[in-house]
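Undergrad: Starting off with a structure, shown below.
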């Protein structure tokens with residue numbers, strides 16, 4: 001019955017002939033494990049397509065919503081964290097696999113005549129993969145995504161003459177924002193996959209047209225069939241790489257920073273590791289020389305890759321014989337340089353403050369928003385006029401929140417008629433700022449922390465009296481020194497003496513004496529808390 | 001990369017390889033399908049946690065006189081938080097309170113209370129319900145949906 005049905009389908013489509021053509025490809029004798037790199041790459045691209053389709057069902061390409069939708073995928077969607085984990089790690093795997101594939105073709109001289117166009121489509125595919133990485137990086141709209149993209153676009157803006165136009169096209173305007181996200185999303189999800197598929201089809205068709213290049217020195221003997229002899233090797237490599245991918249995605253779930261905050265100039269952006277070498281290169285070409293690092297050097301490398309089959313035209317395929325030594329040395333120098341710069345870039349990673357380190361401002365904000373007698377619960381209760389804070393996803397920007405907390409009745413700026421005066425502010429500016437800080441941390445999914453009553457007193461005091469001038473855990477002013485790690489420099493007694501009377505140590509300081517302004521309870525909580533920050 | 005069974009010789013090394021290839025590819029495909037399918041299908045079968053909402057004070061209800069109240073039901077809509085408005089009738093009989101959804105079970109129109117006839121009527125196709133929710137006449141296939149209620153002090157709580 002099934003055979004009859006298949007016979008009928010075959011008679012109408014000829015699928016068996018196609019299948020046989022695909023599977024019975026004759027491979028030169030001695031085609032070994034080195035020729036499995038392309039299959040691994042194809043598998044990884046397939047996984048990216050599948051997981052990408054899943055992510056697209058939940059992802060929303062609009063600022064703020066983008067972040068919340070990714071947060072939803074990570075925290076609430078069953079298996080969503082693994083779906084994103086596979087897509088996230090898959091991106092790195094593809095860059096590595098593409099690099100390995102390219103090196104295999106290079107070392108075995110497989111790009112030589114008549115396969116020049118195979119090589120050129122391969123280089124295009126490599127560039128497309130990098131474009132995927134770049135465009136996908138922005139989509140989660142967290143701090144890392146936002147600031148890394150700022151850097152990427154500034155790099156393109158450094159190009160002479162056309163730079164600013166290019167940057168404006170990439171951004172969809174003069175500022176990075178909703179229009180940027182829209183076009184990068186469209187490119188990542190529609191444009192690039194379409195172009196990628198076209199080039200993969202061309203790449204594989206050309207591979208079939210000229211046949212596999214086979215071992216560097218042809219071996220006598222009849223060719224072997226692709227299926228199942230070589231497919232077996234492909235399958236073993238694919239299984240190994242896929243198992244590693246799943247393991248990494250399970251053990252190290254993809255990260256999501258806090259939501260992109262364009263006002264946070266303190267954030268030090270870092271690109272993903274495969275762009276780190278370019279990023280590092282920028283440091284050696286400051287000012288007017290910058291285009292050397294952003295355009296000239298990468299342009300020469302890509303140009304050399306495209307030109308390679310026309311520069312190295314001899315019949316010799318062995319990487320270390322005759323004139324091939326020159327190109328092999330050049331390639332090794334390039335890889336060594338990229339590796340060296342990447343390591344330097346990794347060593348130069350800035351110390352990032354831990355998102356789970358609740359600074360005093362967030363602790364104070366949590367107390368104000370959720371502690372006993374908080375003003376939020378006037379409305380934000382079960383069955384009340386507004387949803388309880390615990391289940392409220394913050395979808396408003398910080399300016400809105402600050403406004404709302406100063407004047408909760410006016411739930412939109414301008415909503416209150418002008419002849420109706422606003423009531424007494426429910427929260428003062430610094431308090432509202434603290435609540436915003438808490439909400440941002442809660443939105444980023446930070447683990448809740450236990451805080452002792454003394455530390456709570458210190459947090460409330462700090463966010464009321466000190467934060468305008470001092471920063472802890474990335475939040476606060478910069479008129480005075482950063483106190484994130486002040487405990488290394490001073491003990492409790494010396495902290496007390498400086499806070500009580502700063503001019504005793506710094507005659508020119510602007511800081512007022514807080515000995516009189518703080519209660520003894522506040523002072524002792526404050527100095528004990530600061531002494532612990534080390 | 002599968003092959004129709006009729007082109008495969010199931011004996012010997014070749015057949016063994018073919019089976020391993022098929023198994024591994026099925027395992028890889030199955031893993032991706034599990035993660036992707038799970039993430040796609042899971043929300044379709046997610047159950048909403050019921051919650052109790054205060055619907056009003058017991059002493060404001062008159063015997064057998066339905067009162068339509070609007071409940072604001074907050075729920076998670078994917079990544080967003082939305083508030084649905086749900087109109088329910090509260091019908092008191094003694095110390096007991098029934099809560100009926102106001103949506104007609106025929107095609108989902110909003111019903112209203114007919115004070116004179118002491119019945120609940122649907123404006124769309126003439127469905128008529130009694131104060132206990134039962135269908136008195138017209139096309140509705142089922143009684144108005146009853147919601148769980150409980151009395152806490154003087155408050156009427158409705159489960160939504």
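Computed from the coordinates by the stated procedures, all read-outs in this text should not be read as laboratory data. Here the structure is a predicted model, which means the values were calculated and not measured. With ideal geometry, Cβ positions are generated from the backbone for all residues, glycine too; neighbour counts draw on all protein chains shown.
Undergrad: With a ≥ b ≥ c taken as the square roots of the eigenvalues of the C-alpha gyration tensor of segment A:201-345, please select rounded if a/c is under 1.5 and otherwise prolate if a/b is larger than b/c or oblate if it is not?
TA: oblate
Undergrad: Please work out how much length the chain gains when fully extended from residue A:464 to residue A:229, using 0.36 nm per residue of separation minus the C-alpha to C-alpha distance, in nm with one decimal.
TA: Once the chain is fully extended between residue A:464 and residue A:229, it gains 77.3 nm.
Undergrad: Remind me, relative contact order of chain A in percent, using alpha carbon pairs under 8 angstrom and six or more residues apart?
TA: Taking the mean separation of contacting Cα pairs over the length of chain A, I get 15 percent.
Undergrad: While we're looking at this one, here's another question. With a point put 7 Å past each Cα toward its Cβ, work out how far residue A:494 is from residue A:123 in nm, to one decimal.
TA: 6.0
Undergrad: At each listed q (0.16, 0.17 Å⁻¹), what is the log10 of I(q)/I(0) that the Debye formula gives for segment A:27-268 modelled as equal alpha-carbon point scatterers?
TA: Calculated log10 I(q)/I(0) at the listed q: -1.17, -1.26.
Undergrad: Starting with the fewest neighbours, write out A:450, B:148 ranked by other beta-carbon atoms found within 10 Å of each beta-carbon.
TA: Ranking A:450, B:148 by Cβ neighbours within 10 Å, fewest first, gives A:450, B:148.
Undergrad: Still on this model: What distance in nm lies between label points placed 7 Å from Cα along the C-beta direction at residue B:152 and residue A:104?
TA: 6.5
Undergrad: Any idea what the relative contact order of segment A:96-199 is, in percent, if you count C-alpha pairs under 8 Å spaced at least 6 apart?
TA: 25
Undergrad: Right, another one. Would you list the P(r) distribution for segment A:83-146, with all Cα-Cα distances sorted into 10 Å bins from 0 and each bin expressed as a whole %?
TA: 19, 42, 24, 13, 3
Undergrad: Based on the alpha-carbon gyration tensor of segment A:360-532, what equivalent-ellipsoid semi-axes (square roots of 5 times the eigenvalues) come out, in whole Å, largest first?
TA: The equivalent ellipsoid of segment A:360-532 has semi-axes of 33, 18, 14 Å.
Undergrad: What ranking do A:150, A:120 get, fewest neighbouring Cβ atoms within 10 angstrom at the top?
TA: Neighbour counts put them in this order, fewest first: A:150, A:120.
Undergrad: Among A:83, B:157, A:344, which comes first, then next, by fewest other beta-carbon atoms within 10 Å?
TA: Arranged by neighbour count, lowest to highest, A:83, B:157, A:344 become A:344, B:157, A:83.
Undergrad: Quick check: convex hull over the Cα atoms of segment B:52-159, volume per residue in Å³, rounded to an integer?
TA: Convex hull volume per residue, Cα atoms: 103 Å³.
Undergrad: I would also like to ask the following. At 7 Å along Cα-to-Cβ for each site, give me the label-to-label distance between residue A:166 and residue B:48 in nm.
TA: A separation of 5.1 nm, rounded to one decimal place.
Undergrad: Separate question: Relative to a virtual label point 7 Å from the Cα of residue B:83 in the Cα→beta-carbon direction, which members of segment B:127-160 show backbone nitrogen distances below 17 Å?
TA: B:160
Undergrad: Kindly state, as a whole number, the per residue volume in cubic angstrom of the convex hull around the alpha carbon atoms of segment A:1-148.
TA: 190
Undergrad: Return an integer: the convex hull volume of the alpha-carbon atoms of the protein assembly as shown, in Å³ per residue.
TA: Here the figure is 270 Å³ per residue.
Undergrad: Also, I was wondering about something else. If you average the sequence gap of Cα pairs under 8 Å that are 6 or more apart and divide by the length of chain B, what percent do you get for the contact order?
TA: 19
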